[in-house]
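First the structure, in the form of structure tokens, and then the observations on it.
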Amino acid sequence: MIRALEQFAPLPLQEDFDNAGLQVGLTEAEVSGALLCLDVTEAVIDEAVAAGCNLIVAHHPLIFRPLKQVSDANYVQRSVIKAIEHRITIVAMHTNMDNAWGGVNCRIAEKMSLTDVHIIAPKQVGEVSGGSGVVGSLPEPMTAASFVAMLKERFAVECLLTNELLRRPINTVAICGGAGGFLLGEAIAAGADAFVTGEMHYHDYFDHEQQIQICVMGHYQSEQYTAEVFRDIISRQCPGVRCVMTGINTNPIKYM
């Protein structure tokens, strides 16, 4: 099953800073069930145990930086211990799934009903192709206010950050889930009327008034449908594997 995920989103597509792939556990164990999630926390591992799942497929790596010890010092180390105690394997499909065609950004585009979707910044690693971000067209032009309202509704966004509203219709939308501010320039060059991402730096908002509608919905909110991508891959390639979608909202950011 892990092989099926990595065939869809090959590990060579991950960025140099990333740590996608096997995080904890054994790859040869028979899968009793797969819990699909965005983040791995102690509560998510408890959820997997209660659901009878011995595999967790997450978008964000539990182990992102090298561990110098495994103790009870933080949630990462405690989660590693708990997973090993319960013989749970943890796999992360992170920037390789961001960069895979049909992955995270394509699912966001699907939620917006975009058409003519294609990759903004293509990437080729050996025989593996993919790339950062996608751009596509709305079914019908929208005012900036209507576009923002649509995003808030479809992605359950409590607080969406934007620059000043465009005074022209939005037709073409560029997308980069998660921390996608690095792709703003490419989105503008691609002729996008709007750029949707999860995080951007403060100074990146300057100098784009009436050039492009920036819409920053939150990291968790932008990637919340990633587990659906995992489910669809597993259902197609490993139809006998039981998939459980997490019921836990792991977003650490609260809106007051």
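The values are calculated or read from the model by the stated rules, or taken from the named source; none is laboratory data. It should be emphasised that the depicted structure is a prediction, and the values quoted were computed from it without experimental measurement. Here the Cβ positions follow ideal geometry from the backbone for every residue, glycine too, while neighbour counts run over all protein chains shown. Surface accessibility is based on the protein's heavy atoms, side chains included, excluding ligands, DNA and RNA. Shrake-Rupley method; radii C 1.70, N 1.55, O 1.52, S 1.80 Å.
On the given criteria, is GLY102 under 21 Å from the mean Cα position of the chain (by Cα), open to solvent by less than 10 Å² (accessible area, probe 1.4 Å) and at pLDDT 95 or above? So that I can check it myself, show each step before the final result.
Details: under 21 Å from the mean Cα position of the chain (by Cα): yes; open to solvent by less than 10 Å² (accessible area, probe 1.4 Å): no; at pLDDT 95 or above: yes.
Against the criterion (under 21 Å from the mean Cα position of the chain (by Cα), open to solvent by less than 10 Å² (accessible area, probe 1.4 Å) and at pLDDT 95 or above), GLY102 does not qualify.
Show the residue pairs that are 6+ apart or on different chains and have beta-carbon atoms under 8 Å apart, the first residue being within the range 217-233 and free of Cβ contacts under 8 Å to residues at least 60 places away in the same chain and over 11 Å from ARG107 (Cα atoms), the second being of a type outside the set (Asp, Glu) and open to solvent by less than 10 Å² (accessible area, probe 1.4 Å).
HIS219/GLY178; HIS219/GLY198
Would you say ALA156 is farther than 20 Å from VAL91 by Cβ and open to solvent by less than 10 Å² (accessible area, probe 1.4 Å)? Before you say what the answer is, go through the steps one by one.
Values: farther than 20 Å from VAL91 by Cβ: yes; open to solvent by less than 10 Å² (accessible area, probe 1.4 Å): no.
No; evaluated as a whole, the condition is false for this residue.
Are there any pairs with C-beta distances below 7 angstrom linking a residue in the range 159-171 that is of a type in the set (Val, Ile, Thr) to a residue that is open to solvent by 60 Å² or more (accessible area, probe 1.4 Å) and modelled with pLDDT of 95 or more, with the two at least 6 apart or on different chains, and if so which?
Between residues of the range 159-171 that are of a type in the set (Val, Ile, Thr) and residues that are open to solvent by 60 Å² or more (accessible area, probe 1.4 Å) and modelled with pLDDT of 95 or more, the close pairs are ILE170/PRO141.
Please specify each residue of the range 59-90 satisfying the condition of being over 17 Å from GLU223 (Cα atoms) and either open to solvent by less than 30 Å² (accessible area, probe 1.4 Å) or of a type in the set (Val, Ile, Thr) (or both).
Going through the range 59-90, the residues over 17 Å from GLU223 (Cα atoms) turn out to be 63-90.
ILE63, VAL70, VAL76, GLN77, SER79, VAL80, ILE81, ALA83, ILE84, ILE88, THR89, ILE90 - these are the residues of the range 59-90 that are over 17 Å from GLU223 (Cα atoms) and either open to solvent by less than 30 Å² (accessible area, probe 1.4 Å) or of a type in the set (Val, Ile, Thr) (or both).
Could we say that LEU5 is part of a helix (DSSP H, G or I), in contact with a strand residue (DSSP E or B) (Cβ under 8 Å, 6 or more places away or on another chain) and in contact (Cβ under 8 Å) with a residue 60 or more places away in the chain here?
On the way: part of a helix (DSSP H, G or I): yes; in contact with a strand residue (DSSP E or B) (Cβ under 8 Å, 6 or more places away or on another chain): yes; in contact (Cβ under 8 Å) with a residue 60 or more places away in the chain: yes.
So LEU5 fits the description; yes.
In the range 8-58, how many are surrounded by 18 or more Cβ atoms within 10 Å (Cβ to Cβ) and among the hydroxyl-bearing types (Ser, Thr, Tyr)?
Qualifying residue count for the region: 1.
Could you tell me whether LEU183 is over 14 Å from MET112 (Cβ atoms), among the hydrophobic types (A, V, I, L, M, F, W, C), open to solvent by less than 60 Å² (accessible area, probe 1.4 Å) and in contact with a helix residue (DSSP H, G or I) (Cβ under 8 Å, 6 or more places away or on another chain)?
Answer is no for this residue.
Quick one: how many residues across the range 18-51 are without any contact (Cβ under 8 Å) to a residue 60 or more places away in the chain and over 20 Å from GLN77 (Cβ atoms)?
Total meeting the criteria: 3.
Counting only residues that are over 13 Å from ILE56 (Cβ atoms) and in a loop (DSSP other than H, G, I, E, B), how many does the range 13-25 have? Reasoning before the result, please.
At the first step, the residues of the range 13-25 found to be over 13 Å from ILE56 (Cβ atoms) are 13-21.
Okay, now just the ones that are also in a loop (DSSP other than H, G, I, E, B), so 14-20.
Summing the residues that are over 13 Å from ILE56 (Cβ atoms) and in a loop (DSSP other than H, G, I, E, B) in the range 13-25 gives 7.
Looking at (1) more than 17 Å from the chain's Cα centre (by Cα); (2) under 19 Å from GLN7 (Cβ atoms); (3) surrounded by 19 or more Cβ atoms within 10 Å (Cβ to Cβ), which is the only condition HIS94 fails?
If we test HIS94 against (1) more than 17 Å from the chain's Cα centre (by Cα); (2) under 19 Å from GLN7 (Cβ atoms); (3) surrounded by 19 or more Cβ atoms within 10 Å (Cβ to Cβ), just (1) comes out false.
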